[in-house]
Amino acid sequence: MSIAAKANALWEYANPRKFLATSERVLPFFWITSLACICVGLIWGFFFTPDDYKQGSTVKIIYLHVPAALMAINCWLMMLATSLVWLVRRHHVSALAARAAAPIGIVMTLIALLTGAIWGQPMWGTWWAWDPRLTSFLILFLFYLGYVALWEAIEDPDTAADLTSVLCLVGSVFAILSRYAVNFWNQGLHQGASVMRAAAVTGTDTEEKVSNIFFYPLLVCIIGFVLLFIALVLYRTGTEIRARRIKALMARERVSG
Amino acid sequence: MIPDLGKYADAVLSSYAVSIVLLVALIAFSVMRGRKVRKDMEKVEQRMSRNG
Amino acid sequence: MIALLLRDLKLAFRAGGGFGLGLAFFLIVTVMVPFAVGPQSSLLSTIAPGVLWLGALLACLLSLDRLLALDWEDGSLDLLATAPLPLESVVTIKALAHWLTTGLPLVLAAPFLGVLLNLPVPGFFWLVISLLIGTPAMSVIGTFGAALTVGLKRGGLLLSLLVLPLYVPTLIFGAEVARRGATEMEVQTPLLMLAGITAATIALLPFASAAVLRINLR
Amino acid sequence: MTLTVSDLSITRGGIPVLEGLSFQLRPGKALILRGPNGIGKTTLLRTLAGLQPPLEGTIEGAEDQIAYAAHSDGLKPTLTVTENLTFWASVFGTSGIQSALDAFDLNELADRHAGNLSAGQKRRLGLARMLVTGRPIWMLDEPTVSLDKNAVQMFADAVRAHLAQGGSALIATHIDLGLDGEVLDVGPNKAKPKPIDDFDGGFL
């Protein structure tokens, strides 16, 4: 199959019926693998990794903190992408996927913030510090809240999809601006995002690395969170599609009845 | 069973508890709403097909 | 276009137009601060730039829900949208009128309120400059929020929830300029960032506001 | 300028409400829209005015020709009659509100605040606003609501004067105004729902 044909085939899933049928088929796989990965990763990390010489046993928190933080940001990126698809191609499934993803993003942001605070208490000696990274996540959390509130407030589903999509675009720009602003405003305590850095993986960066022994279970956890995110988005998008169909059917009943 | 977490046991255990509770709540809430909406849709569809 | 601006200004200044409400709110918030944190002048002078910036921001926010809602209710927006005037200009003019009736008075009042809060002498100049540069961005961003929520019955609270996160960069850089100015530190970097954000929002955001307004008028 | 609508379908809140609508509106004529509440008369007017996109079909001759008035009259109570009219005249780039003041007998009220006018006077001002836009096609949505018998007569006269000058009007109303033109009963053009097992149709 040529690339163009493949791309065309991808758009087929914008058909709600096809989306529902396909997601129903693949969902069990995602549920099972995601839960398996998270269980394996967390048990491995919790029971079978040593304590860090500096952070002690609190290092075990990264198996939750880092994947949740990654998903919190990637969830917003996914919403941005699906919002663009909705604005350009008018596929309802795309807009509904963005709506379905937002609460997942809220929970992920909340996990990242809470585990961060719990970790910060013994490490920095305070529950909360106005560190740029923490502050950015707090701002991201506010953006999520506004986005969800706007969806809830508007009755007409197409108008809601349009307005939230524009808000998502504008919000993304301002979220990035806020990130820079916050960085400038306070240089911060938080260590750099060392996990994904090549130096950390190869172990050459001795200063801020997450060494291999912690990295592999963390990787399993990240994969698990990604799979869980996919499963939740597919499942919740299905729910949104059905809710939207109920609304359309009821409206039609009113018009004809 | 539980490894020695030293003086940070509270921090580690509470962050695991908080995260797992939040994740389970998210999944449970999603599934509950999903089931309900699915049932509602079937009801509405049946009513529509009966009434033409 | 000038006609629209003049009409909005006239409406604001006539009875019931709401001009001065933001100013009064700014005054009251500033007066309440010492009651909340205590009257020590050293503490007050430290927090003065931030408090004044926050007060100005909230006063700005207060008047946003009237920005488009009145024209929406009486159907003026429908006729404006079918007029030869592009909707992008309409929202820009609306933002300008909001700035002239709310933002500019706040800028002019800020130094007097600075006296109440013991703002250090070198801070006055930079407070006015930072507000002068920052408040237009607040009006433009606020217009976007007002356009988003214009058709909603309980839009007021939602409007704040949507607009406040968008105010974060402006607040951070603006208050930073005022704070650094008050302590006689270098202000160039945050000032440039503040000016950049204001310029970019004025140039780009009206397109988003107009698009959103069109969707809401459907 | 003739407004030609062919095979128009329109939606409200994503649901098709009217289908296969075709008509013409010639200069000097009025077209009265009639039909039960909620059938989509307002949606039709808004679509013709270009405020929302049609689902299917074409609209010709509407571009920059239409002055649309919703249920509300778009007047600012704290501005005077003259100020209200001058504003709309300059927004639409027309000059001189004197003819509008003359046409609707508003000269004596010119300096009164719009908020102090009676309902009938307000309605006349609302129509004068239509006139200063300089647009030939008026679209009026339930313009006689809250008007007494006399005021309705005055309103009908005003529209008649507009028609006599080569303008046209599309009016959604329930009462007979005795205008020169046709009545379009939109009831028969009501959209029929698509079969419900057509999943995507339910999304449109």
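The values are calculated or read from the model by the stated rules, or taken from the named source; none is laboratory data. Please read these numbers as outputs of a predicted model, since none were measured by experiment. Don't worry about glycine lacking a Cβ; one is built from the backbone with ideal geometry, like all the others, and counts go over all protein chains shown.
Being surrounded by fewer than 21 Cβ atoms within 10 Å (Cβ to Cβ), more than 19 Å from the chain's Cα centre (by Cα) and under 30 Å from D:G126 (Cα atoms) is the filter here, so list the residues in the range C:46-77 that pass it. Result: C:W72, C:E73, C:D74, C:G75. Only residues that are under 26 Å from D:D157 (Cα atoms), β-branched (V, I, T) and assigned to a strand (DSSP E or B) were counted across the range D:1-56, and they come to 2. D:L127 meets the conditions (1) of a type outside the set (D, E); (2) more than 22 Å from D:A49 (Cα to Cα); (3) in contact with a helix residue (DSSP H, G or I) (Cβ under 6 Å, 6 or more places away or on another chain) in every case but one. The failed one is (2). Scanning the range A:165-183 for residues that are touching a Pro at 6+ places or on another chain (Cβ under 9 Å) and among the hydroxyl-bearing types (S, T, Y) yields A:S178, A:Y180.
Could you go through the range D:16-34 and let me know if any residue there is surrounded by fewer than 16 Cβ atoms within 10 Å (Cβ to Cβ), over 17 Å from the mean Cα position of the chain (by Cα) and either within 14 Å of chain C (Cβ to nearest Cβ) or acidic (D, E) (or both). No, every residue in the range D:16-34 fails to be surrounded by fewer than 16 Cβ atoms within 10 Å (Cβ to Cβ), over 17 Å from the mean Cα position of the chain (by Cα) and either within 14 Å of chain C (Cβ to nearest Cβ) or acidic (D, E) (or both). Just checking, does the range D:55-63 include any residue being in contact with an Asp or Glu (Cβ under 8 Å, 6 or more places away or on another chain), of a type in the set (D, E) and in contact (Cβ under 8 Å) with a residue 40 or more places away in the chain? Checked the range D:55-63: at least one residue is in contact with an Asp or Glu (Cβ under 8 Å, 6 or more places away or on another chain), of a type in the set (D, E) and in contact (Cβ under 8 Å) with a residue 40 or more places away in the chain. Taken together, the residues in the range C:65-99 that are closer than 11 Å to C:V140 by Cα and either in a loop (DSSP other than H, G, I, E, B) or of a type in the set (S, T, Y) (or both) amount to 1. Only one entry in A:T135, A:T159, A:T164 is within 10 Å of chain C (Cβ to nearest Cβ), assigned to a helix (DSSP H, G or I), over 21 Å from A:M71 (Cβ atoms) and of a type in the set (S, T, N, Q), namely A:T159.
Looking at A:L110, A:L96, A:L64, which is the one that is hydrophobic (A, V, I, L, M, F, W, C) and surrounded by fewer than 23 Cβ atoms within 10 Å (Cβ to Cβ)? That would be A:L110, the only listed residue that is hydrophobic (A, V, I, L, M, F, W, C) and surrounded by fewer than 23 Cβ atoms within 10 Å (Cβ to Cβ).
Cβ-Cβ distances below 8 Å connect the following pairs, each with a first residue in the range C:80-92 that is over 14 Å from C:A146 (Cα atoms) and within 7 Å of another protein chain (Cβ to nearest Cβ), a second residue that is hydrophobic (A, V, I, L, M, F, W, C) and in a loop (DSSP other than H, G, I, E, B), and a separation of six or more residues or different chains: C:A81/D:L51; C:T82/D:A49; C:T82/D:L51; C:A83/D:F92; C:P84/D:F92; C:L85/C:M1.
Residues that are loosely packed, with under 14 Cβ neighbours inside 10 Å and polar (S, T, N, Q) number at least 2 in the following helices (runs of 4 or more DSSP H) confined to the range D:81-176: D:98-103.
Of the residues making up the range C:175-203, those that are of a type in the set (G, A, S) and either at pLDDT 95 or above or surrounded by fewer than 21 Cβ atoms within 10 Å (Cβ to Cβ) (or both) are C:A195, C:G196, C:A199, C:A200, C:A203. Quick one: in the range D:35-58, which of the residues that are at pLDDT below 80 and surrounded by fewer than 19 Cβ atoms within 10 Å (Cβ to Cβ) is farthest from D:H174 (Cα to Cα)? Step by step, filter the range D:35-58, then rank; the result is D:G38. Among the residues making up the range C:162-194, those that are of a type in the set (G, A, S) and within 15 Å of the chain's Cα centre (by Cα) are C:G174, C:A175. Contact map, the range C:186-202: residues that are more than 9 Å from chain A (Cβ to nearest Cβ) paired with residues that are among the aromatic types (F, W, Y), Cβ distance under 7 Å, separation 6+ or inter-chain. Pairs shown: C:V187/C:W126; C:L194/C:F173.
Hey, does the range C:28-47 have a residue that's within 14 Å of chain D (Cβ to nearest Cβ) and free of Cβ contacts under 8 Å to residues at least 60 places away in the same chain? So far as the range C:28-47 goes, no, none of its residues is within 14 Å of chain D (Cβ to nearest Cβ) and free of Cβ contacts under 8 Å to residues at least 60 places away in the same chain. Among the numbered conditions (1) touching a residue at least 12 places away in the same chain (Cβ under 8 Å); (2) farther than 24 Å from A:L150 by Cα; (3) within 14 Å of another protein chain (Cβ to nearest Cβ), the only one that C:W126 does not meet is (3). Scanning the range B:7-52 for residues being within 25 Å of the chain's Cα centre (by Cα), among the aliphatic types (A, V, I, L, M) and more than 14 Å from A:L110 (Cα to Cα) gives a total of 9.
Is it true that A:S165 is surrounded by 22 or more Cβ atoms within 10 Å (Cβ to Cβ) and among the polar types (S, T, N, Q)?
On the way: surrounded by 22 or more Cβ atoms within 10 Å (Cβ to Cβ): yes; among the polar types (S, T, N, Q): yes.
Answer is yes for this residue.
Listed conditions (1) under 17 Å from the mean Cα position of the chain (by Cα); (2) of a type in the set (A, V, I, L, M, F, W, C); (3) more than 22 Å from B:L22 (Cβ to Cβ) are all met by A:F143, apart from (3). For the range D:13-27, a residue qualifies if it is in contact with a Gly (Cβ under 6 Å, 6 or more places away or on another chain) and of a type outside the set (A, V, I, L, M), and exactly one does: D:P27. Residues in the range A:40-54 that are more than 8 Å from chain B (Cβ to nearest Cβ) and touching a residue at least 24 places away in the same chain (Cβ under 8 Å): A:V40, A:G41, A:W44, A:G45, A:F48, A:T49, A:P50, A:D52.
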